[in-house]
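To start, the structure under review is shown below, and the notes come after it.
The values are calculated or read from the model by the stated rules, or taken from the named source; none is laboratory data. Values in this document were obtained by computation on a predicted structure and should not be read as measured data. Don't worry about glycine lacking a Cβ; one is built from the backbone with ideal geometry, like all the others, and counts go over all protein chains shown. These area figures cover heavy atoms from the full protein model, side chains too; ligands, DNA and RNA do not enter into them. Shrake-Rupley method; radii C 1.70, N 1.55, O 1.52, S 1.80 Å.
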Amino acid sequence: MTELELSQFEHQLQTFIRQQSITDPAHDLSHIQRVVSAAKQFAHQEKAKLEVVVPAAWLHDCVTLPKNHPERHKASALAAEQGLAFLASIGYPQAYFDDIAHAIEAHSYSANIPVRTVEAAIVQDADRIDALGAIGIARCIQVSTGFNSKLYSPDDPFGQTRSRDDKTFCIDHFYIKLFKLEKTMNTQAAMQEAKQRTAYMKGFLAQLGHEIGEDAQF
């Protein structure tokens, strides 16, 4: 795929995404664009197929369900189905369809699907990287606001003596999921970036603890 062909293809993909009724502010067009950017970077470093990585990254969230939806674990499968239907409609080579579908389905944390290709590993890494760092903190707060969650428990802000509940307290999600993502990265580039972003998030909690008179524990 030449640079011109890639640019034209990505324009088609972005147009399709803009037409979808994505209402989740944490999984909007800007999120998708960041995932695409990271995925392309990782793909160049890992010498992966852009013909798979690029469409999978653009389409990975073309169907989204709220984090508290009972069918949340099926969202990536629905996205793969809708994404392939779009690719078929524009005549994209079907030889890539199986790998694209797998990459879309396996990106999801809740789906818990093991990656079996380097392209799927890259898309998964790119999506998870966007849950970390400054962007990750902002997105976590966005999602928690949708649950009407409190920022933290006034009695035990960092969940040291209680069962953590990230549907009730935003900060609990850092411990329940976000701090674990670093160890799930597949590629070396993603591992390095995840380490830096996780450290930033721990610094945020340390500062929060300072401001509320509690020591953050990690």
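Points worth noting:
- Scope region 119-137; condition surrounded by fewer than 21 Cβ atoms within 10 Å (Cβ to Cβ), under 13 Å from the mean Cα position of the chain (by Cα) and among the small types (Gly, Ala, Ser); matching residues: Gly133
- Among the residues making up region 101-131, those that are of a type outside the set (A, V, I, L, M) and part of a loop (DSSP other than H, G, I, E, B) are His107, Ser108, Tyr109, Ser110, Asn112, Pro114, Arg116, Thr117, Asp130.
- Residue in region 52-59 that is without any contact (Cβ under 8 Å) to a residue 60 or more places away in the chain and small (Gly, Ala, Ser) present: no
- Scan of region 39-60 for residues that are touching a helix residue (DSSP H, G or I) at 6+ places or on another chain (Cβ under 6 Å), assigned to a loop (DSSP other than H, G, I, E, B) and open to solvent by 30 Å² or more (accessible area, probe 1.4 Å), ordered by number: Lys49
- Applying the condition of being under 19 Å from the mean Cα position of the chain (by Cα) and open to solvent by less than 20 Å² (accessible area, probe 1.4 Å) to region 86-108 and asking which residue is modelled with the lowest pLDDT yields Ser108.
- Looking only at residues of region 83-100 that are hydrophobic (A, V, I, L, M, F, W, C) and free of Cβ contacts under 8 Å to residues at least 12 places away in the same chain, we find that the one that is nearest to Lys49 (Cα to Cα) is Ala95.
- Scanning region 14-23 for residues that are without any contact (Cβ under 8 Å) to a residue 60 or more places away in the chain and crowded, with 16+ Cβ neighbours inside 10 Å turns up Ile17, Gln20, Ile22.
- Screening Val36, Val63 for residues that are outside any helix (DSSP H, G or I), crowded, with 19+ Cβ neighbours inside 10 Å and not acidic (Asp, Glu) leaves exactly one candidate, Val63.
- Residue count for region 145-188 under the criterion of being part of a helix (DSSP H, G or I) and either surrounded by fewer than 16 Cβ atoms within 10 Å (Cβ to Cβ) or more than 16 Å from the chain's Cα centre (by Cα) (or both): the result is 9.
- Any pair with Cβ under 9 angstrom, 6 or more apart, that starts in region 26-50 at a residue that is without any contact (Cβ under 8 Å) to a residue 24 or more places away in the chain and ends at one that is of a type outside the set (Val, Ile, Thr) and surrounded by fewer than 22 Cβ atoms within 10 Å (Cβ to Cβ): Leu29/Gln14; Leu29/Arg18; Gln33/Gln14; Lys40/Leu50; His44/Leu50
- Looking across region 29-44, just one residue is over 16 Å from Ile17 (Cβ atoms) and either touching a Lys or Arg at 6+ places or on another chain (Cβ under 6 Å) or of a type in the set (S, T, N, Q) (or both), and that is Gln41.
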